[in-house]
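Asks: I have a structure I would like to understand better, so I am pasting it below and will then ask my questions one at a time.
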Amino acid sequence: MKYVVIRTSASSSMGMGHFMRCLTLAKMLKNTGEVQICFICNSDFPRNLEEQLKLEKFELSKTKEHSLLLFDVRIDAESTIELIKNKKVDWLIVDHYRIDETWEGRLRPVVHKILVIDDLANRKHDCDALLDQNMHSNKDKRYVGLVPQHTECFLGPTFFLLHPDYYQHQHKQKEKKSEIEFVVNFGGSDPTNEISKILNTIEKHLGQLIGSHFHIVAGPLNPIKEELHRRCLHLKCVSFYENTHMPTLLANADFAIGAGGTTMIERCFMGVPSGIIIVADNQIEGTLAARQQELVFKLGKSESVKEFEILSFLKSCLAFSAPMEQIRKNCLEFNKQLQKKGGHPVISMLTRG
């Protein structure tokens, strides 16, 4: 039985994207029956995410890092070493934007191998393997000079960590319905408050959106989810979720609006054309690459997207315009790239003898 430690963080301020992709990886490893997993997270790690780990029977330890305080590489490294020094760690998996080769170098003596999950390519890493699953036009050159020559690199959406439930729901025939269904989701916390912007558009232009229904997924760490829920109760064409089973929701959806990054690739895989509002700088490159492949409709960066642009996108979807139908076809072709024959290469690497 191999012992794998995952160092990542989540909070309402930083979001839960890092944690969610690590959780997906952990579940994939768990399904092999060959791995014991321990998460090491920040001191203010959300209670509801702790409950998720408990349900999956994953261990959880916490470092001294607090999401709202300045990250000290030395203190966090020493805190992590203290937590694992008496363990035989086969793989240390790191998914954290503030961790680089300095932190990793300090952990080298107490672990066998290190896997880094990254998508910024803006700092050096001391690792045996690196996974960057996002879309990038120059993916093969992004980490040249940033990782040792011996590092095994898994680059691009071919290596996307997709929850097994997506594969189970991808070919389900959509139910016949009288309304066009939209999924609206901006991750676990929606830090730029995009859902409010979309609700404003719906409230002001109900007459132009007849025949549509919106599934609003606020996310468990959204600080204003109660307020959003109250607003949704007044709209017959809106259903509200704090959390939901996204594969099922997307399997029945016609279109979506959301952020770039991991959830964008999930929507593409499910053949759901989506309008992308970029909510963080690390989503820019991947969204542009997806747009170049005509897999998404790019609405723009959060601060520049206005309500009339959202309305225009929604009306284009309701009209089943040619560009939207082309995006749907391209997504279904993209789906074939993510089919894993013989298992995921990263999972095989982590479990091999």
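Asks: Please compute the length gained on full extension between Gln337 and Ala280, using 0.36 nm multiplied by the number of residues separating them and subtracting their Cα-Cα distance.
Replies: Fully extending the segment from Gln337 to Ala280 adds 17.9 nm.
Asks: What ³J(HN,Hα) values, in whole Hz, does the Karplus curve 6.51 cos²θ - 1.76 cosθ + 1.60 give for segment 238-247 when θ = phi - 60°, with x put for Gly and Pro?
Replies: The phi angles translate into 10, 10, 10, 9, 7, 8, 7, 8, 4, x Hz.
Asks: Which one of Ala10, Thr32, Phe58 has its Cα pushed farthest toward the positive end of the charge dipole of segment 1-96, where Lys and Arg give +1 and Asp and Glu give -1 at the Cβ?
Replies: Farthest along the dipole direction, towards plus: Thr32.
Asks: In whole percent, and with a 1.4 Å probe on the protein chains, what portion of the accessible area of segment 241-353 is carbon and sulfur?
Replies: Percent of accessible area from carbon and sulfur atoms in segment 241-353: 53.
Asks: Something else now. Considering the dipole of segment 47-137 built from charges on the beta carbon (Lys and Arg +1, Asp and Glu -1) around the Cα centre, which of His125, His96, Asn86 is farthest to its positive end?
Replies: Asn86
Asks: Under a GNM of the chain (C-alpha, springs under 10 Å), which listed residue has the highest mean-square fluctuation: Leu55, Leu311, Leu228?
Replies: Leu55
Asks: Please identify the DSSP H helices in the chain that span no less than 18 Å along the helix axis (Cα) and have a mean Kyte-Doolittle hydropathy of -0.5 or more. Working shown, then result.
Replies: On the way: long enough: 17-30 (20 Å, 0.41); 322-337 (24 Å, -1.10).
Answer set is 17-30.
Asks: Right, here's the next one. Over the heavy atoms of Met16, what accessible area does a 1.4 Å probe trace out, to the nearest 10 Å²?
Replies: Approximately 20 Å² of Met16 is accessible to the 1.4 Å probe.
Asks: Still on this structure, please answer the following. Select from Asn330, Val296, Gly261 the residue farthest towards the positive end of the dipole of segment 237-353; place +1 on Cβ of Lys and Arg, -1 on Cβ of Asp and Glu, and compute about the Cα centre.
Replies: Of Asn330, Val296, Gly261, it is Asn330.
Asks: Take the alpha carbon gyration tensor of segment 1-110, find the square roots of its eigenvalues, order them as a ≥ b ≥ c, and report rounded if a/c is under 1.5; if not, report prolate when a/b exceeds b/c, else oblate.
Replies: Oblate.
Asks: Moving to a separate point now. How much length is gained on full extension from His245 to Ile75, taking 0.36 nm per residue of separation minus their Cα-Cα distance?
Replies: Between His245 and Ile75, full extension yields 57.5 nm more.
Asks: Taking the Cα centre of segment 267-334 as origin and charging only Cβ (+1 Lys, Arg; -1 Asp, Glu), how large is the dipole, in debye to the nearest 20? Mind showing how you got there, number by number?
Replies: On the way: 8 positive and 8 negative charges, 33 e Å.
It works out to roughly 160 debye.
Asks: Distance in nm between label sites at Glu82 and Glu309, each 7 Å beyond Cα in the beta-carbon direction?
Replies: 4.7 nm
Asks: What ranking of Asp76, Asp100, Asp140 comes out by heavy-atom accessible area, probe 1.4 Å, highest first? Working shown, then result.
Replies: Values: Asp76 5, Asp100 45, Asp140 110 Å².
Sorted descending by solvent-accessible area, the residues read Asp140, Asp100, Asp76.
Asks: Over segment 239-333, what is the relative contact order in percent, taking alpha-carbon pairs closer than 8 angstrom and at least six residues apart? Can you show the working numbers first?
Replies: Values: 114 pairs, mean separation 25.6, N = 95.
Value for segment 239-333: 27 percent.
Asks: Accessible area, 1.4 Å probe, largest first: how do Ile347, Ile75 sort?
Replies: Sorted descending by solvent-accessible area, the residues read Ile75, Ile347.
Asks: Springs between alpha-carbon atoms under 10 Å, Gaussian network over the chain: tell me which of Leu249, Leu92, Leu161 tops the mean-square fluctuations.
Replies: Leu249
Asks: Roughly how much of Arg352 is accessible, in Å² to the nearest 10, using a 1.4 Å probe?
Replies: Taking all protein chains as shown, Arg352 has close to 130 Å².
Asks: Moving to a separate point now. What order, most packed first, do the peptides 331-338, 143-150, 290-297 have when packing is the mean number of other Cβ atoms within 10 Å of each residue? Each step should come with its number before you reach the end.
Replies: Values: 331-338: 15.2, 143-150: 13.0, 290-297: 19.9.
Taking the mean over residues of other Cβ atoms within 10 Å, the ranking is 290-297, 331-338, 143-150.
Asks: Where nothing but the Cβ of Lys and Arg (+1) and of Asp and Glu (-1) is charged, how large is the charge dipole of the chain around its Cα centre, in debye to the nearest 20?
Replies: Numbers: 45 positive and 43 negative charges, 130 e Å.
The calculation lands at about 620 debye.
Asks: Can you give the accessible area per residue of the chain, in Å², using a 1.4 Å probe?
Replies: 45 Å²
Asks: How large is the helix-only mean residue ellipticity at 222 nm for the chain, computed as the sum of -39500 (n - 2.57) over DSSP H runs with n ≥ 4, divided by its residue count, in deg cm²/dmol to the nearest 500?
Replies: Numbers: 13 runs with 126 residues, N = 353.
Calculated at 222 nm, the ellipticity per residue is -10500 deg cm²/dmol.
The values are calculated or read from the model by the stated rules, or taken from the named source; none is laboratory data. A quick note: this is a predicted structure, and the numbers were derived from the prediction, not measured. Ideal geometry is used to build each Cβ from the backbone, glycine not excepted, and the neighbour counts take in all protein chains shown. Note: areas computed on protein heavy atoms with side chains; ligands, DNA, RNA excluded. Shrake-Rupley method; radii C 1.70, N 1.55, O 1.52, S 1.80 Å.
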